[in-house]
Every structure is written in C-alpha cells, then in structure tokens.
Amino acid sequence: METPPIPPWVFTVEPYKGESLSHFLGRFRRANYASSNELGQKTELGSVLARWEKFRFIPPPSQKQLEALALVVQLEVEQLRQMLPLQGVGMKHEPMRLCAACYVEIPCHKLEWQFKETRGCAHHQLRLLSECPNCKLRFPIPSTWLKGQCKRCLLSFAEMIVSQKPY
C-alpha cells in the first residue's frame, strides 16, 4: 500500500495594514524557516523576490508573478498588490526609513515610508529616521528586521522615538 504524499506545511502570516512587501516577505520567511532563495524556488520567481525586498519594482510585478507568490504565501493577489507602490509613485531604495512611534504601535515597515514624497509620519507628525540615533548605522532592508532594534547597538525602535523630531 502506497502512502499519500505529505502536504507541505505553510505557516500563514497575515499582513499588517500598510505593510511593505519587503517586511512581509521577511516575516513570512522567518515563520516558515525559509531563506530568500528557498522562497524564490518555491514560487519559481527566483531572484526577483530579492529585488522586491529592496523596493526594486522595475518592471512592476506581473499578474502571473503575483499569483505564483500568492499561492505560496496563501494570500489573495489583491492583498499582495496593497503591499506594492501604485504605478507612478516614486520609491526611495535607500535609505530605509522608519517612524519608530508607528513601529511601536504596529511592528512593521510601512510602504509609505519609502515614497519619495514622504517627508515624515503624517500620523505622529514626526520626521522619519533613516539610521540608528545612537550608533548611526543605517537601517537595513525591512525583510531583515527581526526584533525591532538596531542590529549593531541593539537600541530598540521604541527607544528611538525620543530622537524623532517634529516636522
């Protein structure tokens, strides 16, 4: 008697409102103990995912690419589209930016922080940070944000709020 194949287990990860695709992909990979390379293989998107994690959306993701990703991460294509910039919206690839006050409320990198026209957090009326105020290390891509803290000096994002200036 032949045993049926064991279906792959995927731990689903719900996206936060306004979350960037980069941050979501990092959370999904960590929840499923998968590397960027493994996720690229499973979706058959290869290194395209690594480009998306760095906010490089030229050319924009196709319907077919989004469907392949949606199938693996168990989301609707529309949910993925909400994590992408609208056509014609300019994006900053670097530096990565953060509103520490927002991150404390909802621990995710928001897509809007990378828009070229975004100068600060409209919700908190604070300027965005692009580096740790303590050690001056620039923030890495959001898919690598593990604990809401600086990778070098371990200052928490919550402690960075006092360094954000009003805008």
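Coordinate-derived values only; no laboratory data. Keep in mind it's a predicted model, so treat the numbers as computed, not measured. Cβ placement follows ideal geometry from the backbone for every residue including glycine, while neighbour counts extend to all protein chains displayed.
Observations on the structure shown:
- Spin-label pair L154/R138, simplified geometry with 7 Å Cα→Cβ offset, distance in nm: 2.6 nm
- Among the GluC sites (Glu not before Pro) within the range 48-127, those in coil by DSSP and having at most 12 neighbouring Cβ atoms inside 10 Å are E76, E117.
- Efficiency of FRET between Y33 and R119 - r from beta-carbon atoms, R0 30 angstrom, step 0.05: 0.20
- Gain on full extension, evaluated as 0.36 nm per residue between L71 and E14 minus their Cα-Cα distance, stands at 19.1 nm.
- By the Stokes-Einstein formula, at 1.002 mPa s and 20 °C, the range 29-136 with its Kirkwood radius over alpha-carbon pairs has D equal to 139 µm²/s.
- The Cys residues in the chain with no partner Cys Cβ within less than 4.7 Å of their Cβ are C108.
- Assuming charge only on the beta carbon of Lys and Arg (+1) and of Asp and Glu (-1), the dipole of the chain about its Cα centre is about 800 debye to the nearest 20.
- In the chain, a dipole from Cβ-located charges (positive for Lys and Arg, negative for Asp and Glu) runs towards its positive end, and of L69, Y167, S47 it is Y167 whose Cα lies farthest in that direction.
- Rounded tilt (10° steps) of 21-31 against the dominant C-alpha axis of the chain: 60 degrees
- Ascending count of other beta-carbon atoms within 10 Å, so fewest first, for S20, S156: S156, S20
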